[in-house]
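Engineer: Sharing a structure here in C-alpha cells format.
The values are calculated or read from the model by the stated rules, or taken from the named source; none is laboratory data. If you're wondering where the values come from, they're calculated on a predicted model, not measured in any experiment. So basically every Cβ, Gly included, is an ideal-geometry build from the backbone, and we count neighbours across all protein chains shown.
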Amino acid sequence: MTSGTALLPWQRLGGKVSDRQLERLAVVYVRQSTRQQVLDHGESTRLQYGLVERAVALGWQTSRVLVIDEDLGKSGSSAAGRVGFQRLVTEITMGHVGLVLGIEMSRLARSGADWYQLLELCALSGALLADADGIYDPVDYNDRLLLGLKGTMSEAELHLPQAADAGRQAGQGTARGVGDCAADRLCAPPLGRGSPHLLQ
C-alpha cells in the first residue's frame, strides 16, 4: 500500500487503543432481550461471545478480557434489574475498564438516560466503546456524536416494532444472511496488531 492510499476503516481503528486502555480490562457485554431470543437466536449470542477474539486482536490478553453475560434474557429498556449492566457501570467507575465491546450499541442500553450515563462515565475514565462498526472514544466530538445517534436509534426501536424486528434480524445473521457483514467486520484486521482469530 502506497502512502497515498486511503486506509480502510478497520485499519484506522487500532490507533485509538493506547497503552492506557490495554493496561485495563476489555469488557464484552452480552445481552438478549428475552429468554426466547436466547433459545431462538443462537447465532447472535455466538457473535456476541466472539467479541472476546476481537479484544484479543486489538491487543488484550485473553486473561484480561472480562465477559459480562448476566443480562441474557433481560430487556435493555432500563438498567433496573440488570445486574450485568450495573456491574459494568461499577467496573468503569472504578477505572478498571479500557474498552467496552458489544455486538451493537442497543445491547448496552435502550434507555437514553442509561446510555448517556454510560458515555459520560466512559469519557471520564478514559474507556473506549466498540461495536461491529468501529471503536469510539466518547471524548472525541465526532465519536460522541455518532454514539449519541446510535443511542437515539436504539431507544427509538422500542417504539417502532418493525424497525426493532429488522434490527434484530440484521444482528442475528444466518449462514448466508444479512448478518454476515457484521461477522466480517468483527474479523477485519486492525492496524498494527496482526491478524485476528477468525470466528469459527
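Engineer: Among the residues in segment 135-142, are any hydroxyl-bearing (Ser, Thr, Tyr) and surrounded by 15 or more Cβ atoms within 10 Å (Cβ to Cβ)? Let's see the steps before the verdict.
Structural biologist: At the first step, the residues of segment 135-142 found to be hydroxyl-bearing (Ser, Thr, Tyr) are 136, 141.
Narrowing further to those that are surrounded by 15 or more Cβ atoms within 10 Å (Cβ to Cβ): 136.
Within segment 135-142, one or more residues are hydroxyl-bearing (Ser, Thr, Tyr) and surrounded by 15 or more Cβ atoms within 10 Å (Cβ to Cβ).
Engineer: Under 20 Å from ARG31 (Cα atoms) and among the charged types (D, E, K, R), is that true of ARG144? It would help to see each step written out before you state the result.
Structural biologist: On the way: under 20 Å from ARG31 (Cα atoms): no; among the charged types (D, E, K, R): yes.
Judged against the criteria, ARG144 is not a match.
Engineer: Write out, first by first residue and then by second, each pair whose Cβ atoms fall under 7 Å of each other, whose residues are 6+ apart or on separate chains, and whose first residue, in segment 69-83, is within 17 Å of GLY112 (Cα to Cα) and aliphatic (A, V, I, L, M) while the second is modelled with pLDDT under 70 and assigned to a loop (DSSP other than H, G, I, E, B).
Structural biologist: Qualifying pairs under 7 Å: none.
Engineer: Is at least one residue of segment 43-52 polar (S, T, N, Q), in contact with a Phe, Trp or Tyr (Cβ under 9 Å, 6 or more places away or on another chain) and at pLDDT 70 or above?
Structural biologist: We begin by selecting, within segment 43-52, every residue polar (S, T, N, Q); these are 44-45, 48.
Right, trim to in contact with a Phe, Trp or Tyr (Cβ under 9 Å, 6 or more places away or on another chain) and you get 48.
Of the ones still in play, those that are also at pLDDT 70 or above are 48.
Yes, segment 43-52 has at least one match.
Engineer: I've got another one for you. Give segment 96-153 a look and list any residue that's among the acidic types (Asp, Glu) and outside any helix (DSSP H, G or I), or say none. Step through it out loud before you land on a result.
Structural biologist: Here is the first cut: in segment 96-153, the residues among the acidic types (Asp, Glu) are 104, 114, 120, 131, 133, 137, 140, 143.
GLU104, ASP131, ASP133, ASP137, ASP140 - these are the residues of segment 96-153 that are among the acidic types (Asp, Glu) and outside any helix (DSSP H, G or I).
Engineer: Can you say whether SER77 is in a loop (DSSP other than H, G, I, E, B), crowded, with 16+ Cβ neighbours inside 10 Å and at pLDDT below 90, as far as the supplied structure shows? First the steps, then the outcome.
Structural biologist: Numbers: in a loop (DSSP other than H, G, I, E, B): yes; crowded, with 16+ Cβ neighbours inside 10 Å: no; at pLDDT below 90: yes.
Spelling it out, it is not the case that SER77 is in a loop (DSSP other than H, G, I, E, B), crowded, with 16+ Cβ neighbours inside 10 Å and at pLDDT below 90.
Engineer: Mind listing whichever residues of segment 84-121 are without any contact (Cβ under 8 Å) to a residue 40 or more places away in the chain, of a type in the set (Asp, Glu) and under 15 Å from SER154 (Cβ atoms)?
Structural biologist: Across segment 84-121, the qualifying residue is only ASP114.
Engineer: Then there is this: Can you tell me which residue within segment 1-38, out of those that are modelled with pLDDT under 65 and not in a loop (DSSP other than H, G, I, E, B), is surrounded by the most Cβ atoms within 10 Å (Cβ to Cβ)?
Structural biologist: Ranking the candidates gives LEU13 first.
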